[in-house]
Amino acid sequence: MINRLKDRGLRHRYAVNLDNWLGFLDEEFVVRRVAEHQQRGSGGSGAVGGGASGDSRRGRPAQLRRREDVADDMAAAVEREVLKVALQYPGLAGPMFDMLSPELFTVPAHRAVREAVVAAGGVCAGLSAVGDVASWVSAVAEAAGDDELRRFVTGLAVEAVFCDHDVDDRYVDEQMSRVQELHVTRRITDLKSRVQRLNPVTDAETFKHAYGELIALEQHKRQLRERGLGAA
C-alpha cells in the first residue's frame, strides 16, 4: 500500500513510521523491506533513489544495501523534516529546536543550516526579532555562508512537510524526538561495538563503566521512542 504512493518522500515517511504502527522494534528492517517490495513491484527496474541500478548513489541494488545505508537515508529524511519545521513553523519549533546539538545532524548541509539558524539568533530570539515567518526565513538565509546554502534554506522553507494533517505541537515534538532517537541509536551502536572488544576480566572497570553507559542510553532511547509515539 505504501509503495502505491507516487510521492517518494511521502513514501519514505510512511515507511519510517510503519514500524511504530505495527509494533516492530527495528525500523531499518521495515524501511528496507518496503524498498525491496517497491523494486519487485517495478520488475527490478525501480529504485529507491532513482536509476536502473537500484541505488545509483551507492552503486548497488536496493535489496543489497547495507543497514548503515538505510539508516543514513532515514536520518537524512528526519533531519530535513526538523529543519523544515524550524523554518516554516518557528513558533512551534521554538526552544525545542534551539536545544538540539549540532552532532544530531549527520548531513553537512543540514548541519550548516542549523548553524545559520544559530547565527540568525536561534529560533526563539530570531523570530522575536523579525516578527514573522517570511522575515525569519530571510534572516536565516542571510546568515548562511554562501549562495548555494541560501538557496537550500529557501527550498526547505517552501518544501512540503510530510504530515497528513495541520502541523501542530504534537507533530513538531514527534520530529524532535525522532532526530534525537536516531542520534542515541548511533551512539548505542558505537558503544556496543566498543563493549564487545573489551575483556570483562582484564578490563573490568572500563567494561563496567561502558556497560552502565549502554544501559542508560537504551533507557533514554525508549523514553524518546515513547515520547515520539505519544506525539504521533
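Read the figures in this text as sums done on the coordinates, not as results from a lab. Bear in mind that the values here come from a model prediction, so they are computed numbers and not experimental data. With ideal geometry, Cβ positions are generated from the backbone for all residues, glycine too; neighbour counts draw on all protein chains shown.
Overview of values
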{"read-out": "Calculated from backbone phi, Karplus (6.51, -1.76, 1.60) coupling profile of the stretch 127-134 in Hz, x at Gly/Pro", "value": "5, 4, 6, 9, x, 8, 5, 4"}
{"read-out": "Shape of the stretch 85-232, Cα gyration tensor, a/c cut at 1.5", "value": "prolate"}
{"read-out": "Karplus (6.51, -1.76, 1.60) ³J(HN,Hα), θ = phi - 60°, over the stretch 139-144, in Hz, Gly and Pro reported as x", "value": "5, 5, 4, 5, 7, 5"}
{"read-out": "Residues Lys192, Lys84, Lys208 arranged by fewest to most Cβ contacts within 10 Å", "value": "Lys208, Lys192, Lys84"}
{"read-out": "The stretch 169-231, relative contact order [Cα under 8 Å, separation at least 6], %", "value": "59"}
{"read-out": "Shape category assigned to the stretch 110-169 from the gyration tensor of Cα positions, a/c cut at 1.5", "value": "oblate"}
{"read-out": "Ranked list, fewest to most other Cβ atoms within 10 Å of each Cβ, for Leu87, Leu214", "value": "Leu214, Leu87"}
{"read-out": "In order through the stretch 178-190: 3J(HN,Hα) via Karplus (6.51 cos²θ - 1.76 cosθ + 1.60), integer Hz, x for Gly, Pro", "value": "5, 5, 6, 4, 5, 5, 4, 4, 5, 5, 4, 4, 5"}
{"read-out": "Net dipole in debye of the stretch 62-199 [+1 Lys, Arg Cβ; -1 Asp, Glu Cβ; about Cα centre; nearest 20]", "value": "760"}
{"read-out": "Fewest-first sequence of Met99, Met74 by Cβ atoms within 10 Å of each Cβ", "value": "Met99, Met74"}
